[in-house]
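Contents: one structure, followed by commentary.
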Amino acid sequence: MDIDKIINTYQRFIKNKKPEDVANEKDSTIEKVEKASALADLLDDIRTAYDMVSDSVSGRYKGISKATLALLAGGLAYLALPVDIVPDFIPVAGWLDDAAVLTWIFAKCADEFKKYKEFKKASPRRVCV
């Protein structure tokens, strides 16, 4: 495995990605994650991270630092990228590196996750008519 090739692929993949681009990939990535047992325990946090990025980009959620937003968007982009340190097509192991990266990112963002969840509870829900 050529780590430089993987890093270059990742850099090309995220080079022009903005947080809003990453947020728009939620449905396809969640669908992939639901099939990966290695990521099952992280599914709620992955959804929360996507929602936090989306709400931050749209302006609904304010106060998140640019560093936290970049960290979350980068982690979600890493999850969406099929070629990473251990390619996702390798059964089980392919998702374990994604799980490790996301676990680390979510631990770093734990305080922000807590604030965001409180924000979501306090926010009025939209009703579709």
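The numbers here are math on the coordinates, done by the rules we state, and not lab data. Worth saying up front: this structure is predicted, and the values here are computed from it rather than measured. So basically every Cβ, Gly included, is an ideal-geometry build from the backbone, and we count neighbours across all protein chains shown.
3J(HN,Hα) along the range 96-103: 5, 5, 4, 4, 5, 4, 5, 4 Hz, from the Karplus curve 6.51 cos²θ - 1.76 cosθ + 1.60 with θ = phi - 60°, whole Hz, x for Gly and Pro.
In a shell of Cβ-Cβ distance under 14 Å around ASP44, excluding ASP44 itself, what net charge do Lys and Arg (+1) and Asp and Glu (-1) give?
Net local charge, ASP44 excluded: +1.
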